[in-house]
């Protein structure tokens, strides 16, 4: 039996750094329950080299954190990018900056089978694949090895993900690269792909659409929508565009369960990264709470990004992004508006049973049991977002 001990379900973030690092390819990810995977070692193939434990940030936490140098409220000046983004489109500005230097960009996408995974893009036309929030655990695969190979080729790389995915990458690389730019997204917690699959099957989304949007991008706010690919003009199958059809709030109980933390990975409730000090060069989020105490004299209905500039490298990059409009704000304001910049999400009582029940229980009974019924506010919010989407 191998003497190597890796993370259990209470510590594993599913970053897969151990899988990427193993020279004998003897580590696989297996379901520890509810769709959350943990590493399993093939004892017969393991040579006990310890490569996996050396890159595991659950065993050996990341040592270097940055105290943000600046806090920005910002948005892209590119209207199309802003329309497709969850908030202000700051990610698209960084992505275009890197791609213009022949760089590569890594981030999460959702494929036509509604599976969320990390991919790499090398052209601006594909930025849209990485835009928008995905409230599902992203499958990493061999992403970290891809990043390392590109860095060794001296290619500029932008890696975006949850803080634990960035932490896993930095632990895997085990050295600094000047040509690596990292950006984490303020994270509430992640549901498993299995939980999302169950929701899609039970609400028949899987049969009806090629993608799911978790945010109402035209009016800045939460709202599930089906993404359908349709011809740009009638009869023109060679030219297509994405049409978003809003899911009735009655059927959007996944978002309400997400907001309650009923589907999060166990490790999310003790996350090491829910602090103002960050492991990445940049940190992004929606700028919730903007202007609550200190006036913000700009319209916000089209969405505003919160961007933390965490070190000097990030400062130099942002000074060379003319397509980004920004106003400096206080870190305290950003922390007040984004709970997970200073606190873990609390584990709700229903977390023990919800993922099982969501697969088997009659939907109306499920909604009643867990208090995730739609409210009048959900419909009013949708109306407000629709009105905002019509404003210039």
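Any read-out appearing in this document is the output of simple, stated calculations on the displayed coordinates, not a laboratory observation. Please read these numbers as outputs of a predicted model, since none were measured by experiment. All Cβ positions, glycine included, derive from the backbone under ideal geometry; neighbour counts span all protein chains shown.
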Q) For the chain, what log10 I(q)/I(0) values come out of the Debye formula at q = 0.14 1/Å, with one point per alpha carbon and no solvent? A) -1.35
Q | Computed over the range 1-60, Kirkwood Rh from alpha-carbon pairs, angstrom | A | 11.4 Å
**Q.** Normalised convex hull volume, the range 43-132, alpha-carbon set, Å³ per residue
**A.** 197 Å³
Q.
For the chain, set up a GNM with springs between Cα atoms under 10 Å and report which of 194, 373, 176 has the largest fluctuation.
A. 176
Q) So what's the convex hull volume per residue for the Cα atoms of the range 257-386, in Å³? A) 159 Å³
Q) In the chain, what percentage of the DSSP-assigned beta bridges are antiparallel, given to the nearest 5? A) 75 percent
Q. How many angstrom lie between the C-alpha centres of the range 1-54 and the range 103-119?
A. 23 Å
Q: Return, for the Cα atoms of the range 82-227, the radius of gyration and Dmax in Å, separated by a comma.
A: 15.5, 47
Q. If we sort 39-52, 250-263 on the protection proxy, mean other Cβ atoms within 10 Å, highest first, what's the order?
A. 250-263, 39-52
Q. For the pair residue 152 and residue 102, what calculated FRET efficiency results from E = 1/(1 + (r/R0)^6), where r is the Cβ-Cβ distance and R0 = 25 Å, to the nearest 0.05?
A. 0.95
Q.
Which of 180, 224, 380 ends up with the largest GNM mean-square fluctuation for the chain, with Cα atoms connected below 10 Å?
A. 380
